[in-house]
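Quick note: the coordinates plus some simple rules give every number you see, no bench work behind them. Note that the structure is predicted; figures quoted are calculated from it, not measured. So basically every Cβ, Gly included, is an ideal-geometry build from the backbone, and we count neighbours across all protein chains shown.
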């Protein structure tokens, strides 16, 4: 039987650029590679949902394998092709595939200047709410306000700014009302600012992002910091603003790019409830290999719920600890007063 000849052709820079310009999503659709759309911009493979395609950048990120790249690399990884083999497949069908540069996105970009106009210099109501109502450590609140991560608007809402840690640009924001009202489902105004950038969230970086911790809300993140503020060296804490794996994989890739390695730890600091546990169960099977050969996996880090509670989040735990400390101070004060009599 005649052995099939391998493609050993050398490709020019121009040919490589031409192949790399082809749209990954269109290639998938025309080659029976099933994809699911998370949004106008982000797609994932139906059979490998840890492989995310950023259509705007025309890049893919295969998180469970720690692989990313352009369409040429995509064909190599997904279709098990050599570099020449991938090039041949792409150039043979080049006339049929859309170019990434020709894909249009109709969604409006996030306009921070629009929301910035509503911000005020005062921070009194926001600070009072976070410290008195939510029992967040005053030092944590003041430090993050000083960094420009937490602000107040003219309606007295607390503003959590989603800053990109590399550029300093504000990518989005979430708002938390300070006044309780029956007209709101959660008891108070709560909103994500219009057109906030997908796959970002409120985040706090201490040192380098060698340890990643993910939360369901900005308040939960602040609560965790209040409880563990002396144990957060080289830690990036990120709010998903819900349960969003895309946010996790975005910050995982950013961390890997910055430190040149897989992070040392990946913690899912989600609510101790049915939804939080189901979410963690989806991710704990992913394995990532560090440069030294060691393996890192996602680990759930739930707040310890009292036996009678079916749902317990990090703010519940923060309040419990704060009330416990306050009770301890009162008891000590009364004992002291009793001795002085």
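Assuming R0 = 41 Å, what is the FRET efficiency of residue 154 and residue 331, from their Cβ-Cβ distance, to the nearest 0.05?
Efficiency, from the Cβ-Cβ distance: 0.45.
Indicate the gyration tensor shape class of the stretch 188-269 (rounded, prolate or oblate), computed on the Cα atoms with a ≥ b ≥ c the square roots of the eigenvalues: a/c under 1.5 is rounded; otherwise a/b larger than b/c is prolate and the rest oblate.
oblate
On a 0 to 90° scale, report how tilted helix 218-228 is relative to the longest principal axis of the chain, with both axes built from alpha carbons and the result rounded to the nearest 10.
Taking the Cα atoms of the chain, the angle to 218-228 is about 70 degrees.
What's the FRET efficiency of residue 128 with residue 292 using the Cβ-Cβ distance as r and R₀ = 30 Å, to the nearest 0.05?
About 0.05, to the nearest 0.05.
Please say if the stretch 136-206 is rounded, prolate or oblate, where rounded means a/c under 1.5 for a ≥ b ≥ c the square roots of the C-alpha gyration tensor eigenvalues, and otherwise the choice is prolate for a/b larger than b/c and oblate otherwise?
It is oblate, given that a/c is not under 1.5 and a/b is not larger than b/c.
Using only the Cα atoms of the stretch 13-102, build the gyration tensor, take square roots of its eigenvalues as a ≥ b ≥ c, and label the shape rounded, prolate or oblate: rounded if a/c is under 1.5, else prolate if a/b is larger than b/c, else oblate.
prolate
Whole Å is fine, so just give me how far the alpha carbon centre of the stretch 47-66 lies from that of the stretch 91-159.
Each part reduced to its Cα centre gives a spacing of 25 Å.
If you stretched the chain out fully between residue 20 and residue 47, how much longer would it get, using 0.36 nm times the residue separation minus the C-alpha to C-alpha distance?
7.4 nm
Kindly provide the helix-only [θ] at 222 nm of the chain, computed as the sum of -39,500 (n - 2.57) over DSSP H runs of four or more divided by all residues, to the nearest 500 deg cm²/dmol?
About -10000 deg cm²/dmol.
Run the simple label-point estimate for residue 324 and residue 79 please: 7 Å along Cα→C-beta, distance reported in nm.
5.8 nm
Would you kindly state how much longer the chain becomes between residue 281 and residue 121 on full extension, computed as 0.36 nm times their sequence separation minus their alpha carbon distance, in nm to one decimal?
Here the segment from residue 281 to residue 121 would lengthen by 53.3 nm.
To the nearest 10 degrees, how steeply does helix 314-340 sit against the main Cα axis of the chain, on a 0 to 90 scale?
Relative to the chain, helix 314-340 is tipped by roughly 20 degrees.
Under a crude label model (7 Å from the Cα following the beta-carbon direction), how far is residue 166 from residue 304 in nanometres?
Each label point is offset 7 Å from its Cα along the Cβ direction, giving 4.0 nm.
Taking just the alpha-carbon atoms of the chain, what radius of gyration and Dmax come out, in angstrom?
Just the Cα atoms of the chain yield Rg and Dmax of 24.4, 105 Å.
For the chain, set up a GNM with springs between Cα atoms under 10 Å and report which of 310, 99, 244 has the largest fluctuation.
310
Enter the angle in degrees (range 0 to 90, nearest 10) between the Cα long axis of helix 245-259 and the first principal axis of the Cα atoms of the chain, meaning the one along which they spread out most.
80 degrees
If R0 is 25 Å, what FRET efficiency do you get for residue 13 and residue 98 from their C-beta distance, rounded to 0.05?
In this case the efficiency is close to 0.70.
Return a whole-number percent for the relative contact order of the stretch 13-102, with Cα pairs under 8 Å and 6 or more residues apart as the contact set.
30 percent
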